[in-house]
């Protein structure tokens with residue numbers, strides 16, 4: 001698809017796995033996608049909200065205000081029923097001690113240890129919230145879910161995070177065994193982005209119209 005003219009969209013995350021997924025999910029919009037590195041933005045937002053929406057909103061607004069660009073952020077988590085919804089909001093920091101985050105593999109192992117005395121199946125879901133923000137603080141939200149179960153053995157080499165132990169029961173595959181095309185049709189993040197695309201299109205159209213109006217006004221003020 002040809003790139004549209006107008007405002008670029010900043011993918012408001014430093015997580016390389018998320019950047020890759022979001023770039024693929026948004027490529028059909030025709031919007032120019034930029035990353036924090038590409039705009040020389042080094043920003044680490046503390047995710048201290050009480051909901052996914054609060055965290056996603058905080059990140060999107062922070063990146064939008066720092067860059068002046070429309071920004072898209074997400075917050076997501078794994079919710080395991082046998083653990084009363086944990087790790088949930090703390091999925092990326094699960095098992096951390098003294099501020100030291102575990103690696104993806106260590107967090108998966110920690111989760112499995114916590115499930116050992118729980119009866120199977122270990123039903124679970126991924127939950128994602130997307131926030132799209134402009135620099136004046138205006139923010140819009142969209143959500144997506146993916147149901148499945150946790151399995152004790154890792155399968156697959158794709159994806160990141162908890163993907164190798166998250167089984168999509170109907171397919172008989174873990175998230176890490178899916179092709180990028182499959183994942184970007186079925187995942188929680190894919191569904192959230194799909195729900196956010198119309199919102200994003202409206203914001204971009206409005207922003208571009210304002211920019212065009214501003215340029216027209218400048219032209220009218222030029223000396224003859």
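What follows is calculated from the coordinates using simple rules that are stated; it is not laboratory data. Quick caveat: nothing in here was measured; it's all calculated off a predicted structure.
For the chain, set up a Gaussian network in which alpha carbons nearer than 10 Å are linked by springs, and say which option among 205, 197, 183 fluctuates the most.
Looking only at 205, 197, 183, the largest GNM fluctuation is found for 205.
For the chain, what does -39500 (n - 2.57) per DSSP helix run (n ≥ 4), summed and divided by total residues, give at 222 nm, in deg cm²/dmol to the nearest 500? All intermediate terms of the calculation are to be shown ahead of the outcome.
Details: 5 runs with 80 residues, N = 224.
So the helix-based figure for the chain works out to -12000 deg cm²/dmol.
For region 31-145, just run the numbers: alpha carbon Rg, then divide by 2.2 N^0.38 Å, N being how many residues it has.
In units of the 2.2 N^0.38 Å rule of thumb, it is 1.22.
Quick one: of the DSSP bridges fully inside the chain, what percent are antiparallel, nearest 5? It would help to have the intermediate numbers written out before the result.
Working: 28 of 33 bridges.
Around 85 percent antiparallel, to the nearest 5.
Send over the per residue convex hull volume for region 150-202, Cα only, as a whole number of Å³. Can you show the working numbers first?
On the way: hull volume 4.2 nm³, N = 53.
It is 79 Å³ per residue.
Compute the helix-to-body angle for 104-115: its Cα long axis versus the longest principal axis of the chain, expressed 0 to 90° and rounded to tens.
50 degrees
What angle, in degrees between 0 and 90 and rounded to the nearest 10, separates the Cα long axis of helix 188-221 from the longest principal axis of the Cα atoms of the chain?
Computed tilt is about 10 degrees.
What relative contact order, as a whole-number percentage, does region 88-186 give when Cα pairs under 8 Å and 6 or more residues apart are counted? Write out the running numbers ahead of the final one.
Numbers: 129 pairs, mean separation 18.6, N = 99.
That works out to 19 percent.
Picking from 115, 25, 200, which is most flexible by a Gaussian network model of the chain using Cα springs under 10 Å?
115
Once you've got the GNM for the chain with C-alpha springs shorter than 10 Å, pick whichever of 152, 164, 119 has the biggest mean-square fluctuation.
119
Could you give the C-alpha radius of gyration of the chain expressed as a fraction of 2.2 N^0.38 Å, taking N as the number of residues it contains?
Working: Rg = 19.6 Å, N = 224, 2.2 N^0.38 = 17.2 Å.
In units of the globular-protein estimate, the chain measures up at 1.14.
Report relative contact order for region 9-221 in percent, whole number only (criteria: Cα-Cα under 8 Å, sequence separation at least 6).
Numbers: 370 pairs, mean separation 37.3, N = 213.
Here the relative contact order equals 18 percent.
Under the Kirkwood approximation applied to all pairs of distinct alpha-carbon atoms, what is the hydrodynamic radius of region 98-179 in Å? Could you put the intermediate results ahead of the total?
Values: mean 1/r = 0.0688 Å⁻¹.
For region 98-179, the Kirkwood estimate is 14.5 Å.
Compute the helix-to-body angle for 16-26: its Cα long axis versus the longest principal axis of the chain, expressed 0 to 90° and rounded to tens.
60 degrees
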